[in-house]
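Below is one structure, written out as structure tokens; the observations come after it.
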Amino acid sequence: MMESDAASTRGNVPQYSVSEISGAIKRTLETGFGRVRVRGEVTELKRYPSGHVYLSLKDEGGKISGVIWRGTVSRLGMAPENGNEVIATGKVSSYGERSSYQLIIDRMEFAGEGALLANIERLRRKLLEEGLFEADRKKPIPFLPTLVGVVTSRAGAVLHDIKTTIERRFPRDVLLWPVAVQGEGAAAQIAAAIEGMAQRPRRPDVLIVARGGGSLEDLMAFNDERVLRAVAACPIPVISAVGHETDTTLIDLVSDRRAPTPTAAAEMAVPLRSELVSDLAHRTARLAGGLSRIMQVSRGRLEQATAGLPDLPSLLATARMRLDDRGQRLDLALPAFVMRVRSRLDAPLHQLPSPELIVSRARAILASPVRQLPLPVLMIERRRAALQRADTALVTAWQRADQQFHRRVERQRLSPETLKSAIRLQKARLEGLGSHLEAVSPKAILSRGYVLVQDSKGRPVTSAKATPVNDRIVLSFADGERGAKLDTLTSQGDLGL
């Protein structure tokens, strides 16, 4: 009876294989939960060479395994790290070989402060793509503003630090636009203040947007898109001074300059007066020194140029000596030229044998011994013919020499007109030099009505007060000198007695 009961019991309970039960559990999990969002802290993060990422999400009461497949890592939206509190989105599944379940994650975002950081990051990427962070959009800060605008809270130490710093460095007018720097409505007030500063009749030359330090939630007003776009569109150069030196907000990226503290922002806005005074004194000294050097160089160049100018009296003396030399050489050149021509014409005549020499040679031949002569009759005929030929040749040579002499004389002789023209040319040159001498002569100046006044010692009198009254003076005119005595003039212009 007991065996039959056990057999019937085994026949009523279904029997599954391990794979079947694992698959059933997997289908149940995936069908029952579908897509879920799980919040927890990332732990046990491991990145494998295959590209898959394995991690766990935990909280105070439990822990669940998770996996991010390689194809999903690049589209995840963030890079998970151990300790980050995140919200993971995916579906629940099981892994039968280990009898475990896990969350297959396809999306992840920060939770709490991490979520704020994610929103800030998305806005940063958006504005970066629009080019609001580009360096060429930054406006220069004016060197010495007349009016400094401040957008901050009326309460707190920020406004006091800015005002005292400006008063200490270089006193300037400060225009405050009070706003709430945190909490609900703070972003709208800050954006309205920035826009309002740009629309004032007397617009500030530089604008400081400042607040003290705080948490990420406290500084969120300065990460608001409305505030960032108002700063980007503001025509006034903006200096951001939000939080402490380690705090970074998006307004620091959009503004024209970022200051680590409100005090540093005031120092950027106005220069230090003592440094300006010192720099001005230094520049004045350099300018005076440079001007002195320029004057010294110019004076040296002037003296050098003056030394290089020719001496007028020496030039005139040299010209006069050159003129005398040319005149003397001209007087000697014509006779010498005529003598040279005459000697060239007489040279051929000296080369011809004289008639007496020819006759003497013939007589010597005739008077030679009889044994050297041919027959007397033949010898006499030959000598007679030779004498005739010599006579004819002598006459012809004399005629040719005379003709050649006359031709050379006609060709090389200087005509009287040529001589007169040369003399006139030299005389014109002499007159030109004489006119130049007359132009620079002191007598030419006196001939135009001027008078040279000298005292009794021959010194020029150039001032009415240089010589006492009744003193003797010498007046030099163009045609002579006269003596005179100095008197005074009355108010009517006549001579005083």
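Select from the range 129-144 the residues that are under 25 Å from LEU250 (Cβ atoms) and touching a residue at least 24 places away in the same chain (Cβ under 8 Å) and list them in ascending order. Within the range 129-144, LEU132, PHE133, ARG137, LYS138, LYS139, PRO140, ILE141, PRO142 qualify.
If you go through the range 269-327 and keep only what is touching a Lys or Arg at 6+ places or on another chain (Cβ under 8 Å) and of a type in the set (Val, Ile, Thr), you end up with just VAL270.
Do we find that LEU176 is modelled with pLDDT of 90 or more, in contact with a Gly (Cβ under 7 Å, 6 or more places away or on another chain), of a type in the set (A, V, I, L, M) and under 16 Å from VAL238 (Cα atoms) in this structure?
no
The set of residues in the range 339-358 being surrounded by 13 or more Cβ atoms within 10 Å (Cβ to Cβ), modelled with pLDDT of 75 or more and either closer than 20 Å to THR396 by Cβ or of a type in the set (A, V, I, L, M, F, W, C) (or both) consists of VAL341 alone. Among the residues making up the range 125-170, those that are under 39 Å from the mean Cα position of the chain (by Cα) and basic (Lys, Arg) are ARG137, LYS138, LYS139, ARG168, ARG169. Return yes when GLY90 is modelled with pLDDT of 85 or more, part of a loop (DSSP other than H, G, I, E, B) and either surrounded by 12 or more Cβ atoms within 10 Å (Cβ to Cβ) or in the same structural domain as LEU216 (by TED's automatic domain parsing) (or both) and no when it is not. In short, no. Picking from residues in the range 200-225 that are among the charged types (D, E, K, R) and surrounded by 15 or more Cβ atoms within 10 Å (Cβ to Cβ), the one that is nearest to ARG137 (Cα to Cα) is ASP205. Residues that are in a helix (DSSP H, G or I) and among the charged types (D, E, K, R) within the range 56-73 comprise just one, ARG70. It is to be established whether one or more residues within the range 32-55 are surrounded by 13 or more Cβ atoms within 10 Å (Cβ to Cβ), at pLDDT below 80 and over 60 Å from the mean Cα position of the chain (by Cα). So far as the range 32-55 goes, yes, one or more of its residues are surrounded by 13 or more Cβ atoms within 10 Å (Cβ to Cβ), at pLDDT below 80 and over 60 Å from the mean Cα position of the chain (by Cα).
For SER278, state whether it is assigned to a helix (DSSP H, G or I), loosely packed, with under 11 Cβ neighbours inside 10 Å and among the hydroxyl-bearing types (Ser, Thr, Tyr). No: the conditions fail for SER278. MET197 meets each of the listed conditions (1) under 22 Å from GLU267 (Cα atoms); (2) surrounded by fewer than 19 Cβ atoms within 10 Å (Cβ to Cβ); (3) under 40 Å from the mean Cα position of the chain (by Cα) apart from (2). Could you tell me whether ARG301 is within 24 Å of the chain's Cα centre (by Cα), surrounded by 10 or more Cβ atoms within 10 Å (Cβ to Cβ) and charged (D, E, K, R)? Answer is no for this residue.
Entry remark, the range 166-185: residues being part of a strand (DSSP E or B) and surrounded by 14 or more Cβ atoms within 10 Å (Cβ to Cβ) number 5 in total. Of the residues making up the range 256-275, one or more are over 20 Å from VAL150 (Cα atoms), under 30 Å from the mean Cα position of the chain (by Cα) and free of Cβ contacts under 8 Å to residues at least 24 places away in the same chain. Within the bounds of the range 163-180, is there any residue that is of a type outside the set (Gly, Ala, Ser) and within 26 Å of ARG125 (Cβ to Cβ)? Looking through the range 163-180, none of the residues is of a type outside the set (Gly, Ala, Ser) and within 26 Å of ARG125 (Cβ to Cβ).
The values are calculated or read from the model by the stated rules, or taken from the named source; none is laboratory data. All values reported here derive from a predicted model rather than from experimental measurement. Using ideal geometry, Cβ is built from the backbone for each residue, glycine included, and neighbour counts are taken over all protein chains shown.
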